[in-house]
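Okay, structure first, notes after.
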Amino acid sequence: MNLDKIKEIAFQEFGAKRSHSWAERGNKYAHGLRVAKLALTLREKILIGDGTQDEIITVAAWFHDIENGTEGHERKGAKRTRALLYGHCTDAELEAICGMIEIHDDRYFDRTLASEYLKILQDADQLDHFGVQEFWRAFLEAPSNGRSFDDTARFLKARRETGEVAKFRSSLNYPQSREIMDEKIAFADGVIARMEVEGKGEIY
């Protein structure tokens, strides 16, 4: 595969688009680039020395959210990617890429039926939504949801108190991924605590 050409196709398709009106331009394209890098980092930790599917993982990560924001975005994304990349990959490569995209958001299936490469992509996708990225999204969508600074701190804290963040953590496939998630959660908890203090005009 010519990864440079395929990356160019991804950019042309959604590199300047927003998934939501409040999102930054090209947000899902940038998300795909980050997920690809995260996935390869995880692969090096989990499947040490097995780089045989790195290009497949990379391309699947780039395109996995091309239809984000639409109902059934996984299946629609796989179909659209298949059309876009036809002739740029072998039939086997295209099947592997689109197969991963089609079920990347199904996190509660029988995991014994999933490839290790799909599970790595899923974990990378999940991890990119936490840490600094969780705050970036919360701050971007706050005005459209009518949330103030203090409201945003409460919103982020509630995600933890209701078990939402713990549920996302439990859906991760590997202990290495959970270790990274735990560091992200600890970082976020510290920022939220500081937001609560500084929101009152106090010194941390």
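A short reminder: the numbers here are calculations on the coordinates, not readings from a lab. Model, not experiment: these values are computed from the prediction. In this analysis, Cβ positions are derived from the backbone assuming ideal geometry, glycine residues included, and neighbour counts consider all displayed protein chains.
Below, the figures for the structure above:
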| quantity | calculated |
| --- | --- |
| Trypsin sites (Lys or Arg not before Pro) lying in DSSP loop within region 106-204, provided at most 13 other Cβ fall within 10 Å | LYS200 |
| Along the chain, longest interval not containing exposed GluC sites (Glu not before Pro), exposed being DSSP loop plus at most 11 other Cβ atoms within 10 Å | 72-201 |
| Listed pairs LYS17/LYS184; LYS119/LYS200; LYS17/LYS200; LYS45/LYS167; LYS5/LYS76; LYS37/LYS167 exceeding 32 Å between Cα atoms | LYS119/LYS200; LYS17/LYS200 |
| Sequence of LEU94, LEU118 once ranked by neighbouring C-beta atoms within 10 Å, starting from the fewest | LEU94, LEU118 |
| Unit Cα scatterers, Debye sum, region 17-61: log10 I(q)/I(0) for q = 0.23, 0.26, 0.28, 0.29 Å⁻¹ | -0.73, -0.84, -0.91, -0.95 |
| Rel. contact order, % - alpha carbon contacts under 8 angstrom, at least six apart, region 1-120 | 24 |
| DSSP-assigned coil residues among trypsin sites (Lys or Arg not before Pro) in region 1-32, each with at most 15 further Cβ atoms within 10 Å | LYS17, ARG18, ARG25 |
| For the chain, alpha-carbon Rg over 2.2 N^0.38 Å | 1.09 |
| Radius of gyration and maximum dimension Dmax of region 129-204, Cα, Å | 13.2, 41 |
| Cα-based radius of gyration of region 1-109 once divided by 2.2 N^0.38 Å, which approximates compact folds | 1.03 |
